[in-house]
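The values are calculated or read from the model by the stated rules, or taken from the named source; none is laboratory data. Note that the structure is a prediction, hence the values are computed from the model and not measured. Here the Cβ positions follow ideal geometry from the backbone for every residue, glycine too, while neighbour counts run over all protein chains shown.
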Amino acid sequence: MRLKRGLGLADARARHPDIDVVEADAEADRRLLVALADWCDRYTPLVAIEGEDGLFLDITGCAHLFGGEAAMVADLVRRLAEQGFDVRPGLASTPGMAWAAARFSLPAVECGEEEEALAPLPLSALRLEPAMRSGLESVGLRVVGSIIHAPRAPLARRFGKVLILRLDQALGVVEEAISPRLPVAFLSAERHFAEPLLRLEDIEQTVLMLAATLKADLERRGEGVRRLQLALFRVDGAVNRIAVGTSRPMREPGPIGRLFHERLTALGERIDAGYGFDLVRLGVLAATPFEDDQADLVASAPDGEEDMAFFTDRVRARLGEGALLRPVMVESHVPEQAVRNVPAALEPKQVVAAGGGALPAPDTEIRHAERPIRLFQRPEPVEVTAEVPEGPPAHFRWRRAAYRVVRAEGPERIAPEWWLDDGETRTRDYFRVEDMEGRRFWLYRQGLYGEAEAPRWFMQGMFA
Amino acid sequence: MAAHAVAQATLCALRQDIARIEGRLAERLEPPPGTDMTVLRHGGRAFRGGDLLATGVKAFDAALDGGLSRGALSEIHAVQTRDAGASASFTLALAALAMKERQQRSLLWIGTAEIFREAGLPYAAGLTQTFGISPEELLFADAPKLADALWIAEEATRLSALAAIVIELRGNPERLDLTATRRLHRRAGDAGRSVFLVRQAAFAEPTAAPVRLVVSPAPAALRRTLTGPLEGSLGNPAFSVSIGKSRTAAGGRFLVEWNCHDLAFQERQQTHPRRLVSLSRHGADLAPAAGAVVALETAPRRAAAGR
C-alpha cells in the first residue's frame, strides 16, 4: 500500500480512492490494552502497562509453570495470534533490555549479554526522549555501543542523568521495578481447563477445590483470609474478577465456597460465560492471623444454627456492603445525626473512624424527650397552619393529605451545633402531634419568626 | 400406677387427635398432672406450653387462644402506609416481648428499599426509648428487592442470635404468594423463631400465616401525673388491633396500650382521653354515633379473601 505515518489524508485517497478512514480512538486502544493486560494475568500476577502499546510481564518464578521461558513466550505469542494480535515479544532479564528486544526483534537475551545485544542498536532502543536522541545524534552518537563506554560525567552533564539511568537500567546495573496494574495476591491457587467451564455449578466446584488447596498454605502461615478474589479467564480473553470479604479470618473451603455461591448467584446473568472459562484462579488479597479455637466436647450450637458473622458475610457477598446495617449512637443533638446506620460488617475501629460509637455505653441512656421510632430519610416539607405563630400546628398538609392536629406536645428546641457546622443551619422547634385518628408524628419548624427567611415546617418521623 | 399412666397417655394422645381435627394447637394440650409426658413437635423439639407469645391483654389473648404462636409467621397489616408508625410499633412491641423472655437476643428488621423510603427508616434512639431494645441488639437489612428481603429472612431464621425477625414491605406483591409465605412459615416453625410479616397498605389475601392482625392507630393515653391524667398530653402509645384471621376464628377489635416503662401491653382503661359527646343529664341514653353505617366491612372482605 505504501502508506506511511504522517501521510496526508488527501494523498492517501489519491493513491487508493476506496480507502476506509477511521478516526484514531486513543481511549478504545487503551481499553484494549488494559483488557490484554488482564488476560496476561494468566502468566504472571505482575503485569504493567507500558506506554501506548506495550506490556511488561514480570515472569520471575513463573516460567517453569509453562515449561520454560521459551515455551512460555511461544505459548503467549500463539494464543495472542489466535485472538488476532500481532505480538512482538522480547525476553530479557531487565525491563529496559526487554523493551529494546521487543522493539528490535531480538531473540531472548540472556543475563549478562545485555551489553553485547545493545551495542549495535540505535539510540531509540534506550527509551529516550526524541529531543535527547536527536541531540546525541547531532554529535555523532548513533548507536548504543558508542555511549556504553564513553566517559559518563560529560554525558550526564550535557544530556542529563536520564540518559545514564536508562543505560544502566537496560544493562541491569540499576534495578528497575515495574508497577503492576493490580494488587498482587500473596497467595493464589489456579486451575487450567482443557475443556472450558460453562456452568455456574462447575465454577463453584472449582472454587471449593482451590480453597482446599489454599487451606494448607494458610494453615502453615497461621492465617485466615479476609478478602478473596476469584478471577475467571474467559477463552476469548475477557477476565471477570469477583471479590468477597469476610468479617473474620476464614480458611475452611466450605464457607468460602458458600460466600462465592452467594456472590455468583447475585451476579447471575451479569457473568457472561461466553465460550467458557479456561482458567480459574482464587487469590488471597488480605489475610489476618487466625486464632484456632479449642473445639468443645459439647456441641455449642445445635445443628442448623449458624453464627452471625458468617450470615453477615453472605448477605454482604450477595447484596453489597450496605445491605445489613446496625445503628450506632453518635454524640449529636441533631436527631438525624444522633444515630448512624453503619454496615454491620464494619469493625469497631472503622465505626469510630466514621464518627460513631465514640459514646460510652451509659451515655446512650436517652434522657431527653421522646424520639420517634421511624425517621424519614430526609425531612419532608409540610404546609402548616398554626393558631399562634410560635405555637403548635393546628392543621397540616403532608403528602397531599390534610391532617387536623388534636393534641400536641412541644416545642422542643434543638439549636444547630454551631461548633461543628458553618452557621447555615437553623434552629428547629419540634412538636409531637397526634391527628384525629391517632397517628403520632414528629414535626418541626425550621427557623424563627423575625428572621430574614420565613420559617418552614417539616415532617421528620413517626411515633409509636 | 403404671396402668394408670398408660391410660393417661392414651387419653392424652386421643385429645391431641381431637385437637388436630378441630384445628387447635395440639401441642398446647397440657399433659395430665403427675405424668412426665412431653409433647413433641416435628423437628424433635420439646414444647411444653411455652411456645405461645402471650401479649398480656386477657381478652386479646383469649381471642387468639392463648397468644401468637412463637415458631410461626404472623402477619400484621396496616391499611395505609401512613399508619406505618402504628403497625411497626405494634410488631416491635411483640418482638420486644419475645426478646424479653429470651435474654441476650437481637432483632433483625428487614425492609424493602421501597418501604424504608416511604415510611422512613427505623430510628434506634426511639426504639430504645419505647421498646427497651438497645442499639446493639438491632440489625436492619435494607433489601433492594422483595426477593432479596425474602432470601435474607429465610436465611436469618437459622440464626441462633436472633429472637425475632421482622419483614416489612408494602402492598400485595405477586411474589409474596402462598408458596413464599409457606416457606417462611415452615422455616420459622423449624427454628422456633417468630417471624413477623408487616405489610403496609395491603389487603388481605391468602397466605400461610396462621394469624393476621390488622393494626390501626389509636389515640394515645394521657400522661399520668401525681394529680391525675394530664389533659392534652401524649402518653403511652395505643393501637387498635383487629384479628383478621386466627386459628380460633374469633374476630374482634381490641384497643391495646403499650407501656413504655414496664415494657408490657395493657388494656386501655375505659376513660376515653377526650369526651366525644357530653353525657345526657340522667346518665342514660348516650347519643348515637354520628353518621350512618354504610356497610359491614368485615364479612364481604373475608369472602373476597377466599376463606
| message | I'm checking my understanding of the structure. Among residues of the range A:411-454 that are within 14 Å of chain B (Cβ to nearest Cβ) and basic (K, R), which one is surrounded by the fewest Cβ atoms within 10 Å (Cβ to Cβ)? | response | A:R439
| field | Residue check for A:I178: surrounded by fewer than 17 Cβ atoms within 10 Å (Cβ to Cβ) and closer than 30 Å to A:L32 by Cα | value | yes
| request: Go through (1) in a loop (DSSP other than H, G, I, E, B); (2) at pLDDT 85 or above one by one and return the number of the condition A:M97 breaks. | output: (1)
| request: Sort out which residues of the range B:78-111 are at pLDDT 90 or above and among the hydroxyl-bearing types (S, T, Y), and write them in order of number. | output: B:T81, B:S87, B:S89, B:T91
| field | Filter result (surrounded by 14 or more Cβ atoms within 10 Å (Cβ to Cβ) and either touching a strand residue (DSSP E or B) at 6+ places or on another chain (Cβ under 7 Å) or not assigned by TED's automatic domain parsing to the domain that holds A:R456 (or both)) within the range A:381-396 | value | A:V382, A:V384, A:A386, A:P392, A:P393, A:A394, A:H395, A:F396
| note | Within the range B:186-202, of all residues that are small (G, A, S) and away from chain A (no Cβ under 14 Å), the one surrounded by the fewest Cβ atoms within 10 Å (Cβ to Cβ) is B:A202
| request: Tell me, yes or no, whether the range A:1-19 has at least one residue that is closer than 30 Å to A:A63 by Cβ, of a type outside the set (D, E, K, R) and surrounded by 10 or more Cβ atoms within 10 Å (Cβ to Cβ). | output: no
| message | Here are the criteria: (1) among the aliphatic types (A, V, I, L, M); (2) closer than 21 Å to B:L73 by Cβ; (3) at pLDDT 90 or above; (4) surrounded by fewer than 22 Cβ atoms within 10 Å (Cβ to Cβ). Tell me which single one B:L255 does not satisfy. | response | (2)
| Quick one: which helices (runs of 4 or more DSSP H) sit completely within the range B:75-185 and have at least 3 residues that are of a type in the set (A, V, I, L, M, F, W, C) and more than 9 Å from chain A (Cβ to nearest Cβ)? | B:84-101, B:146-156
| task | Residues that are within 21 Å of A:A101 (Cβ to Cβ), touching a helix residue (DSSP H, G or I) at 6+ places or on another chain (Cβ under 6 Å) and touching a residue at least 60 places away in the same chain (Cβ under 8 Å): find the helices (runs of 4 or more DSSP H) completely inside the range A:116-194 holding 2 or more of those. | result | A:161-171
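Which one of these is modelled with pLDDT under 90 and either assigned by TED's automatic domain parsing to the domain that holds B:T248 or under 24 Å from A:V334 (Cα atoms) (or both): B:E114, B:E136, B:E75, B:E118?
B:E136
So is A:V382 among the aliphatic types (A, V, I, L, M) and at the interface with another protein chain (Cβ under 10 Å from one of its Cβ atoms) or not? Give the steps one after another, and end with the answer.
Numbers: among the aliphatic types (A, V, I, L, M): yes; at the interface with another protein chain (Cβ under 10 Å from one of its Cβ atoms): no.
So A:V382 fails the test.
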| query | Would you pick out the residues in the range B:203-247 that are exposed (fewer than 15 other Cβ atoms within 10 Å of the Cβ) and in a loop (DSSP other than H, G, I, E, B)? | reply | B:F203, B:P206, B:L226, B:T227, B:E231, B:G232
| For the range B:139-163, what are the residues that are crowded, with 23+ Cβ neighbours inside 10 Å, farther than 10 Å from B:G111 by Cα and without any contact (Cβ under 8 Å) to a residue 40 or more places away in the chain? | B:L139, B:T157
